[in-house]
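Below: the structure, in structure tokens.
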Amino acid sequence: MTSLIRRLTTKDAVTIAISSMVGAGVFAAFGPAALAVHDTGHAWLLLAALALAAAVAFANATSSAQLAAQYPVAGGTYVYGRERLGPWAGFMAGWGYVIGKTASCTAMALTFAAHAVPDQAPSWTRRGVAAALVVAVAAVNYRGITRTVRVARWIVIFVLSALALTIALTWIGVVGGLADAPTLAPSAVTGSLGAVYGVLQAGGLLFFAFAGYARITSLGEEVINPRKAIPRAVVISFGIVAAIYALVAVTLLAVLGLDGTAYSTAPLADAVELATSGTAWAAPLVRVAATAASGGALLALMAGVGRTIFAMAREHDLPGVFTAIHPRYSVPHKAEIALAGMIVVAVLTLDLRGAIGFSGFGVLIYYLVANLSAWTQDREYRLYPRALQAFGALGCATLAVMLPWPGVAIGTGILLLGATGRALRLRRRI
């Protein structure tokens with residue numbers, strides 16, 4: 001058997017997409033993004049960067065939804081690129097996704113461990129916890145996609161509840177005068193060119209937090225009535241998460257200011273602790289929510305990456321062994337096992353900064369191909385105007401090159417390495 005069973009409803013698809021987006025990003029992405037605009041001296045530029053990231057992500061979301069409705073099979077943009085632009089475009093999208101999201105999985109596991117393990121514990125303890133989490137998540141995914149959805153649903157409920165309580169407590173503290181007014185202006189202020197660069201780089205970093213909306217398109221072969229369910233699920237989940245991120249950003253700036261947000265490793269925990277005058281259980285609640293969100297995002301991420309590996313193997317761009325589907329659980333189990341092995345090796349050897357260095361670059365390349373693919377679709381399958389796809393493609397290309405140069409360099413090198421490998425395989429076939 002080389003096809004998957006359709007079991008997921010629209011509600012299931014929304015659950016997976018939200019759990020993919022509301023992960024480590026909401027707890028960790030705002031610090032690096034605030035640092036990118038820090039020298040401008042304008043806190044509102046963080047909100048501008050968030051709006052830019054959201055706009056590009058929405059354009060990408062509509063392109064992904066439109067394509068998934070026409071091609072409801074496993075593999076996401078890897079399949080769309082092959083069908084609309086040719087095998088090479090599909091390969092670059094799929095390879096960028098696998099590499100970028102494997103790095104994202106590594107980052108999620110390390111983020112989980114950073115919040116779950118006390119600060120004074122040795123680094124090998126954190127790495128061991130991260131590796132154990134990867135094995136546990138792989139075991140859940142191995143048992144079937146419906147189990148993945150069931151676990152993800154409970155995680156989403158808990159994380160959203162914890163976020164709502166955290167934000168409510170923080171604003172109660174702000175209104176009650178428990179938190180001092182933040183200092184919004186740093187000592188150095190750059191000119192307009194620096195502000196533009198800062199917003200673009202911050203937008204690229206914040207885009208990382210939005211990228212989970214298309215996870216459901218990678219599971220398109222398992223969604224019931226995909227032409228209606230997938231576009232609806234993508235738009236619903238994106239709207240919910242965008243509203244959450246906007247509220248979090250405003251809350252952080254209201255309590256910590258630009259300086260405090262930029263130099264905090266756990267901005268939400270610091271904000272709620274400050275606003276509640278050190279209430280004993282408030283900051284730990286955020287820490288627990290962060291571990292749950294990271295674990296939930298890892299659960300959905302690994303499911304999506306495994307399906308992309310499966311799809312690439314089915315087209316002979318990866319070894320054929322990864323096309324195997326478990327006879328009982330109907331999952332690409334060998335792809336899942338290989339992915340888990342790669343992530344375990346990564347969490348034992350890389351740090352968090354190294355893991356996310358090229359992840360954003362790979363993801364943006366993936367969505368660049370998605371927008372270009374959606375541009376070519378016929379009127380029969382067009383759900384959104386071409387202007388959105390043009391904006392999405394331009395936005396992806398711009399944010400990708402504006403990311404910190406180490407991530408761009410590493411991402412470019414990995415993509416070229418994959419392309420070279422494919423070219424050599426094709427040459428052997430001739």
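The values are calculated or read from the model by the stated rules, or taken from the named source; none is laboratory data. Since we're looking at a predicted model, the values are computed, not measured. Every residue, glycine as well, gets a Cβ built from its backbone with ideal geometry; the counts of neighbours run over all protein chains shown. These accessible areas exclude ligands, DNA and RNA; they are computed on the full protein's heavy atoms, side chains included. Shrake-Rupley method; radii C 1.70, N 1.55, O 1.52, S 1.80 Å.
Note on LYS334: accessible area is roughly 90 Å² with a 1.4 Å probe, heavy atoms of protein only. Its Cα centre serving as origin, the range 322-430 has a Cβ charge dipole (Lys and Arg +1, Asp and Glu -1) of approximately 460 debye.
What's the extension gain from VAL250 to TYR381 if we count 0.36 nm per residue and subtract their Cα-Cα distance?
Gain on stretching VAL250 to TYR381: 43.3 nm.
Looking at the chain, the accessible area is 39 square angstrom per residue; that uses a 1.4 Å probe and ignores ligands, DNA and RNA. Projecting label points 7 angstrom from Cα along Cα→Cβ for TRP124 and ILE172 puts them 4.5 nm apart.
The phi torsions of the range 362-379, fed into the Karplus equation with coefficients 6.51, -1.76 and 1.60 and a -60° offset, translate into couplings of x, 5, 5, 5, 4, 6, 4, 5, 4, 5, 5, 5, 5, 4, 8, 5, 6, 4 Hz, rounded to whole numbers, with Gly and Pro shown as x. A straight Cα-to-Cα reach below 25 Å connects LYS11 with the lysines LYS101, LYS228, residues fewer than 8 places away in its own chain not being considered. Basic side chains Lys and Arg get +1 at the Cβ, acidic Asp and Glu get -1 at the Cβ, and with that the dipole of the chain about its Cα centre reaches some 1780 debye. Full extension of the chain between ILE157 and ARG428 gives 92.5 nm of extra length, using 0.36 nm per residue less the Cα-Cα distance. Around the amide H of VAL223, modelled in the peptide plane, lie the amide H atoms of ARG7, LEU8, all under 5 Å away and 5 or more residues distant in sequence or on another chain. The length gained on full extension between VAL345 and ALA419, counted as 0.36 nm times the residue separation minus their Cα-Cα distance, comes to 24.3 nm. Once Rg and the Kirkwood radius are both taken over the C-alpha atoms of the chain, their ratio Rg/Rh works out to 0.96. Think of the chain as a dipole: +1 on every Lys or Arg Cβ, -1 on every Asp or Glu Cβ, centred on the Cα centre; then among LEU298, HIS42, ILE244, LEU298 lies furthest on the positive end.
In the chain, taking the dipole from charged Cβ atoms about the Cα centre, the farthest positive-side position among PRO118, PRO332, ALA282 is held by PRO332. Couplings for the range 99-107, taken from phi via the Karplus curve 6.51 cos²θ - 1.76 cosθ + 1.60 with θ = phi - 60°, read 5, x, 7, 5, 5, 5, 4, 4, 4 Hz in order; Gly and Pro are left as x. Neighbours of ALA113, meaning other residues whose beta-carbon lies under 10 angstrom from its beta-carbon, give a summed charge of +2 when Lys and Arg score +1 and Asp and Glu score -1. Taking label positions 7 Å along the Cα-Cβ direction at both HIS326 and THR412, the computed distance is 4.1 nm, reported to one decimal.
Could you look at the chain and say what percent of its accessible area is carbon and sulfur, using a 1.4 Å probe and all protein chains? Carbon and sulfur together cover 68 percent of it. Considering the dipole of the chain built from charges on the beta carbon (Lys and Arg +1, Asp and Glu -1) around the Cα centre, which of GLN201, GLY86, ALA103 is farthest to its positive end? Value computed over the given set: GLY86.
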